[in-house]
Amino acid sequence: MKINWGTAIVIAFALFMSFILFFVFKVQSDSKYDNELVTEEYYKKEAKVQNDIEYVNNANGLSEKVKINNTSDGITVSFPKDLDAKNINGKVSLYRPSNQKLDFVIPIALSNSDLLIPKKNLVGGLWDITVEWTYDGKTYLNKEEIYYN
């Protein structure tokens with residue numbers, strides 16, 4: 001049996017399409033390949049961008065800024081020392097861009113001006129940290145990226 005050029009090209013295209021379709025179905029059906037949105041309720045988060053801008057401006061207006069540091073015990077969030085730590089409320093959100101399952105939120109409950117996020121809760125790599133807090137009815141927002149070892 002002799003195969004001409006036209007038949008060979010059609011066979012090559014059919015094999016190539018089968019190859020591509022095999023990998024598409026494999027990625028869609030295997031739970032190892034996570035293809036979700038980066039965050040839950042993405043569009044709701046985008047709707048509150050103007051509020052976030054105001055909260056960031058409030059935080060930038062403080063005489064002493066919130067500091068987020070990498071320490072041997074974990075990650076330390078240091079609030080301004082001139083504020084009464086007991087009146088600071090809010091939450092610290094840790095977001096891992098590479099794995100949504102590692103994301104978590106810690107409520108702010110302070111006895112002094114520092115909040116420690118213990119290293120047992122952290123995995124090495126890049127973390128996006130968002131500190132949303134209120135003091136005397138005014139809301140503040142601080143965001144920072146930290147590479148934790």
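Multiplying the residue separation of Asn60 and Lys91 by 0.36 nm and subtracting their alpha-carbon distance yields 9.3 nm. Calculated FRET efficiency, Val24 to Asn121, Cβ-Cβ distance, R0 = 30 Å: about 0.25 to the nearest 0.05.
Working from label points 7 Å from Cα in the Cα-to-Cβ sense, the Tyr147 to Thr76 distance is 2.2 nm. Scaled against the 2.2 N^0.38 Å expected of a compact globular protein of N residues, the Cα radius of gyration of region 82-149 reads 1.17. Among the trypsin sites (Lys or Arg not before Pro) in region 52-110, those located in a DSSP loop and surrounded by at most 10 other Cβ atoms within 10 Å of their own Cβ are Lys81.
Helix 49-60 versus the longest principal axis of the chain: what angle, 0 to 90°, nearest 10, using Cα atoms? Approximately 40 degrees, to the nearest ten.
Note on the chain: with a GNM built from Cα contacts shorter than 10 Å, the maximum mean-square fluctuation among Leu62, Leu21, Leu102 falls on Leu21. Angle, helix 5-29 long axis vs. longest principal axis of the chain, Cα atoms, 0 to 90°, nearest 10? Around 30 degrees separate the two axes.
With 26 Å as the limit, the listed pairs Lys45/Lys138; Lys26/Lys143; Lys26/Lys120; Lys45/Lys81; Lys32/Lys91; Lys48/Lys81 have Lys26/Lys143; Lys26/Lys120; Lys45/Lys81; Lys32/Lys91; Lys48/Lys81 beyond it between alpha carbons. How high is the FRET efficiency between Asp114 and Lys32 when r is their beta carbon distance and R₀ equals 35 Å, given to the nearest 0.05? The calculated FRET efficiency here is 0.35. When the chain is treated as a Gaussian network with alpha carbon springs shorter than 10 Å, the biggest mean-square fluctuation among Tyr95, Tyr42, Tyr55 belongs to Tyr42.
Here the Gaussian network model covers the chain, with springs between Cα atoms less than 10 Å apart; of Phe23, Phe79, Phe104, Phe23 fluctuates the most. Approximating the spin labels as points 7 Å out from Cα along Cα→Cβ, the Val49-to-Ser98 distance works out to 2.8 nm.
Straight Cα distances below 15 angstrom link Lys44 to the aspartates and glutamates Asp52, with same-chain residues fewer than 8 positions distant left out.
All of the numbers you see were taken from the coordinates with simple rules; none came from a lab. Note that the structure is predicted; figures quoted are calculated from it, not measured. For neighbour counting, all protein chains shown are included, and Cβ atoms are generated from backbone atoms with ideal geometry for every residue, glycine included.
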